[in-house]
Amino acid sequence: MTQYLMSVIYDEPGDPTATDAESAAIDVFNDRLQADGHWVFAGGLGVTDTATTVDARGAEPVLTDGPFVETKEYVVGFWIVEAADLDVALRLAAEGSKACNRKVELRPFLEP
Amino acid sequence: MSDVAETITRVHREEWARLVATLARRCGDLDVAEEMAAEAFAVAVERWPLDGVPPNPGGWLTTTAQRKAIDRLRREVKREEKHREALMLTDEDPRPLGAIDDDRLRLLFTCCHPALAVEARIALTLRMVGGLTVPEIASAFLVQESAMGRRITRAKEKIKVARIPYRVPDRADLPARIGGVLTVLYLIFNEGYLASGPGTGPVRADLTAEAIRLTRLVRALMPEDGEVVGLLAMMLLIEARRTARVSASGELVTLDEQDRGAWDRELIGEGHALVRERLASGQPPGRYQILAAINAVHTDARDVRDTDWSQVVALYDHLARLDPSPIVRLNRAIAVAELDGPEVALAQLDGLPLDGYHVFHAARADLLRRLGRSRESRAAYDRAIELAGNTAETAYLVRRRDQLAPDDAAGTFTGSGAD
């Protein structure tokens with residue numbers, strides 16, 4: 001079993017919050033993930049305005065208000081799923097994308 | 001070349017895919033499989049001239065490659081997992097060599113996985129299934145060797161880390177995935193048939209031959225798939241005309257001007273038989289089967305004037321229903337010109353969103369020339385020449401353009417019938 005990160009990407013201007021219909025579809029998808037044993041974790045994220053970038057590589061941590069890079073596309077939520085292989089994960093990503101009505105980027109976690 | 005060297009070349013062609021496929025299944029790692037297969041052949045090159053060719057070269061190579069793999073894993077045994085892998089390799093496969101054809105299918109589907117970029121699929125298929133070396137693939141696609149090496153390495157890494165499965169897809173996914181495999185084979189053939197770039201010959205016979213060989217293999221592995229047969233038939237019927245398609249001076253010879261006596265009758269016979277086989281099946285044809293049928297109509301005519309253009313147009317109509325792309329409409333219009341004249345065809349080309357495609361401008365140029373609209377024809381030839389990447393096509397287009405009357409005389413001879 002491999003774990004995959006499914007990042008939900010928002011690529012339109014305006015409010016990224018899920019609509020009621022989208023939220024309902026996401027709930028259905030989450031239930032199915034749990035029932036089928038794919039569920040590890042999931043969550044939605046605050047908008048990029050709420051981000052703080054922290055760089056503590058120097059002597060004192062440097063805080064910056066906002067995301068490190070401004071992009072037209074940004075992550076608004078994610079799932080972590082467990083799947084036997086990429087074909088299974090791709091199917092879950094397609095279902096997730098349909099449920100939340102956003103595109104999804106799928107990446108494997110490295111083996112520990 | 002000595003007999004042994006010839007044998008090694010032949011065995012390489014015949015056994016490479018099977019060897020990589022078997023090793024990949026047993027050790028679960030494409031990279032290791034490829035490397036061990038290459039090492040086994042290196043040992044063969046060294047030993048066979050001295051010891052003679054073994055009675056079962058395929059079996060000998062598999063055993064040698066497996067020993068290499070075990071040695072390598074033993075050297076690397078640091079973790080439990082590697083131990084297990086080494087144990088797996090020593091397990092004797094109960095199936096006799098030669099019966100494991102689905103290993104090669106697995107390999108093919110893995111190399112053509114839709115999660116890989118198309119360029120990566122092509123390169124990986126040529127390396128893993130076709131057995132071409134990285135320098136060979138790099139030169140075929142006019143890419144630096146190091147860049148092609150990175151492309152292949154990156155694809156293998158993605159297969160491993162993202163866990164692209166090593167198996168034939170589920171029945172539900174199979175039709176779409178076969179389509180992906182056929183696209184890769186088609187693109188390999190096309191690059192051979194219409195080699196791009198000024199630094200290469202107009203036709204890369206090595207690539208068309210490789211595409212045909214791989215398609216034959218896929219057909220042997222999936223004999224029930226009509227589109228595989230269609231693709232193979234189409235390739236054979238195009239390949240049959242290869243030598244007639246470029247003149248001694250390196251210029252494209254269009255279908256109507258080709259020396260039909262130079263067409264390869266044997267390939268045409270085989271291609272026609274495959275098209276008939278599909279017609280007899282009574283199943284609705286897919287796009288490759290229709291393209292094969294169109295090529296069968298062309299190769300059926302002893303003289304271009306005998307071409308059954310209404311049949312060609314009817315087949316393009318059928319194709320347009322499956323694939324209503326502008327390119328299909330362009331090709332249909334070219335056939336319509338032969339049936340209903342250039343004016344009708346030109347009207348059908350109007351508005352097609354193909355401004356960046358040289359064939360579109362070449363077709364317009366030809367139709368405008370036939371209508372005596374020299375000035376517009378010249379402009380269309382200019383645009384086609386600007387866009388064309390194939391040296392033989394460029395040479396042809398330049399000659400046709402230069403045959404037009406100069407701009408200031410344009411129109412003088414229109415309708416005189418003096419040409």
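The values are calculated or read from the model by the stated rules, or taken from the named source; none is laboratory data. All values derive from a computational prediction rather than experimental measurement. Because the Cβ atoms are built from the backbone with ideal geometry, glycine has one as well, and the counts that use them run over all protein chains shown.
Between B:A211, B:A220, B:A195, the distinction of being buried (at least 22 other Cβ atoms within 10 Å of the Cβ) and either touching a residue at least 60 places away in the same chain (Cβ under 8 Å) or of a type in the set (F, W, Y) (or both) belongs to B:A195 only. Go through the range B:179-230 and give me each residue that's in contact with a Phe, Trp or Tyr (Cβ under 9 Å, 6 or more places away or on another chain), modelled with pLDDT of 85 or more and of a type in the set (V, I, T). Scanning the range B:179-230 gives B:V181, B:T208, B:I212, B:T215, B:V228, B:V229.
Any chance you could count how many residues in the range A:89-112 are under 12 Å from A:Q3 (Cβ atoms) and not acidic (D, E)? Spell out the reasoning first.
Of all residues in the range A:89-112, those under 12 Å from A:Q3 (Cβ atoms) come to A:89, A:92, A:106-112.
With the extra rule that they be not acidic (D, E), the set shrinks to A:89, A:92, A:106-110, A:112.
The qualifying residues number 8.
Here is a list: A:E111, A:E60. Which entry is more than 14 Å from chain B (Cβ to nearest Cβ) and surrounded by fewer than 17 Cβ atoms within 10 Å (Cβ to Cβ)? Before the answer, list the steps.
Numbers: A:E111 fails: more than 14 Å from chain B (Cβ to nearest Cβ).
After ruling out the rest, the residue left standing is A:E60.
Can you work out which of the residues in the range A:5-45 that are β-branched (V, I, T) and within 21 Å of A:A94 (Cβ to Cβ) is surrounded by the most Cβ atoms within 10 Å (Cβ to Cβ)? Can you show your working first?
So the first thing to find is which residues in the range A:5-45 are β-branched (V, I, T), and the list is A:8-9, A:17, A:19, A:26, A:28, A:40.
If we keep only those that are within 21 Å of A:A94 (Cβ to Cβ) too, we end up with A:8-9, A:19, A:26, A:28, A:40.
On the way: A:V8: 26, A:I9: 17, A:T19: 10, A:I26: 21, A:V28: 11, A:V40: 14.
Here the answer is A:V8.
In the range A:65-94, which residues are more than 14 Å from chain B (Cβ to nearest Cβ), free of Cβ contacts under 8 Å to residues at least 40 places away in the same chain and of a type in the set (G, A, S)? Scanning the range A:65-94 gives a single hit, A:G66.
Would you call B:E270 under 20 Å from the mean Cα position of the chain (by Cα), assigned to a helix (DSSP H, G or I) and assigned by TED's automatic domain parsing to the domain that holds B:V143? Judged against the criteria, B:E270 is not a match. Among the conditions (1) small (G, A, S); (2) in contact (Cβ under 8 Å) with a residue 24 or more places away in the chain; (3) out of contact with any Leu (no Cβ under 9 Å at 6 or more places or on another chain), the only one that A:A24 does not satisfy is (2). Close Cβ contacts (under 7 Å, 6 or more residues apart or on different chains) running from residues in the range B:154-173 that are free of Cβ contacts under 8 Å to residues at least 60 places away in the same chain and not assigned by TED's automatic domain parsing to the domain that holds B:F109 to residues that are surrounded by fewer than 19 Cβ atoms within 10 Å (Cβ to Cβ) and acidic (D, E) are absent.
Just one of B:A392, B:A363 is crowded, with 20+ Cβ neighbours inside 10 Å, in contact (Cβ under 8 Å) with a residue 12 or more places away in the chain, touching a strand residue (DSSP E or B) at 6+ places or on another chain (Cβ under 9 Å) and outside any loop (DSSP other than H, G, I, E, B); which is it? Steps first, please.
Numbers: B:A363 fails: touching a strand residue (DSSP E or B) at 6+ places or on another chain (Cβ under 9 Å).
Sole residue among the options that is crowded, with 20+ Cβ neighbours inside 10 Å, in contact (Cβ under 8 Å) with a residue 12 or more places away in the chain, touching a strand residue (DSSP E or B) at 6+ places or on another chain (Cβ under 9 Å) and outside any loop (DSSP other than H, G, I, E, B): B:A392.
A single member of A:T48, A:T2 is crowded, with 16+ Cβ neighbours inside 10 Å, within 24 Å of B:K160 (Cα to Cα) and modelled with pLDDT under 95, and it is A:T2.
Of all the numbered requirements in (1) over 29 Å from A:L106 (Cα atoms); (2) within 14 Å of chain A (Cβ to nearest Cβ), B:E136 misses one, and that requirement is (2). Among the residues making up the range B:55-72, a single one is within 12 Å of B:E15 (Cβ to Cβ) and not in a helix (DSSP H, G or I): B:N56.
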